[in-house]
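This report refers to the structure that appears directly beneath it.
Just so it is clear, none of the values below were taken in a lab; they were calculated from the coordinates. Being a predicted model, the structure only gives us computed values, none of them experimental. Note that we place each Cβ from the backbone using ideal geometry, even for glycine, and neighbour counts take in every protein chain shown.
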Amino acid sequence: MPTPIPSPSPVPPAYAPVPSAYALVATDLDGTLLRPDDTVGARSRAALALAAAAGARHLIVTGRPVPGVRALVADLAYTGLVVCGQGTQLYDADSARLLRSVTLDREAADTALGKLEAEVGAVFAAVDQDGPEGVTLIERGYRMPNPALPALRVDSRDALWERPVIKVLVRHPELGDDALAAAARGAVGELANVTMAGPGTVELAPYGVDKGTGIAAAAELLGIGPERTVAFGDMPNDLPMFRRSGHRVAMGNAHPELRAAADEVTATNAEDGVAVVLERLFG
């Protein structure tokens, strides 16, 4: 696995530790902070402002790559750190800099897809390229789970590997997400880390890299321990983030696996479930 790009040193003053019962509010985006129409509701915006006024920092932790979050963080006037690409990228929204990145070995990724197809038959694949200007490439037959996110179609699978990638997205014409994720874990072994990030979103990332390693890197830079972190999520890819957090909140629309690991279950993302908890914690 390629070595992550070291974080800048020394720690910028803006990231100094903040005394608070919960000093870090870590939120997933899709299915969590974002409403079904891909917006952040007024109540959630107000609740995040309430937490900030109490001294807590907001940390976005998402499966989206850096290009897929820029417009959103601008709309939120968000200037903090962003864990992107299932933990493969750490981005500073304030300076618009990619602080660290871990790529997925392309030969290993291609081999992993071959092993998976030997078990379940043909799959459709897409990749998120590395870098702040990376493009999402999709092969013929792959359908984007979120059509609002831009993607470029390519004519062959070989074209997916022309530039470094941070992760691979996989779909099967018949298997459901849980079945495909289970099959992928059994087939690829240590070639990649397998996770389910949302409806129609089974992903392969660098082995040993996930939202847990991403939030740990960000929290270290911020100087905040896991016991002072409250985390919100909705899918199994948020489990590693939960394991690095002191209080774990599953959305009302969350996958059963995440609900089972949560300390509490809030309202759905359509009902501003993040705000419901933040208002109680910081109000």
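Some observations on this one:
- Sparse-neighbourhood loop sites, GluC sites (Glu not before Pro) in the range 84-166 - DSSP loop, at most 11 other Cβ within 10 angstrom: 133
- Neighbour net charge for residue 245 - beta-carbon separation under 11 angstrom, K R +1, D E -1: +2
- Spin-label model distance (nm) - residue 43 vs residue 135, 7 Å beyond Cα toward Cβ: 4.1 nm
- Cα-based helix-to-principal-axis angle, 177-188 vs the chain, degrees rounded to 10: 70 degrees
- Value of relative contact order over the range 29-138, rounded to a whole percent, pairs C-alpha under 8 Å and six or more apart: 18 percent
- Residue separation of residue 107 and residue 35 scaled by 0.36 nm, minus their Cα-Cα distance, works out to 22.2 nm of gained length.
- The range 106-205 - percent relative contact order, Cα under 8 Å, separation 6 or more: 31 percent
- The relative contact order of the chain comes to 22 percent, based on Cα pairs under 8 Å that sit 6 or more residues apart.
- Most fluctuating residue given options 221, 204, 175, as computed from a GNM of the chain linking Cα atoms under 10 Å: 175
- Once the Cα gyration tensor of the chain is diagonalised, semi-axes √(5λ) in Å: 30, 20, 17
- Multiplying the residue separation of residue 156 and residue 117 by 0.36 nm and subtracting their alpha-carbon distance yields 12.4 nm.
- Expressed in Å, the radius of gyration and Dmax of the Cα atoms of the range 35-152 are 17.0, 54.
- Crossing angle, helix 273-282 versus the chain [Cα axis fit, 0-90 degrees, rounded to tens]: 30 degrees
- At 1.567 mPa s and 4 °C, Stokes D of the range 137-283 from Kirkwood alpha-carbon radius, µm² per second: 76 µm²/s
- Against the chain, whose longest principal axis comes from its Cα atoms, helix 106-120 is set at around 70 degrees.
- For the peptides 77-88, 145-156, 93-104, residues were scored by their other Cβ atoms within 10 Å and the scores averaged per peptide; the highest-first order is 77-88, 93-104, 145-156.
- Evaluated at q = 0.12, 0.18, 0.25 Å⁻¹: base-10 log I(q)/I(0), Debye formula over Cα of the range 106-205: -0.33, -0.77, -1.57
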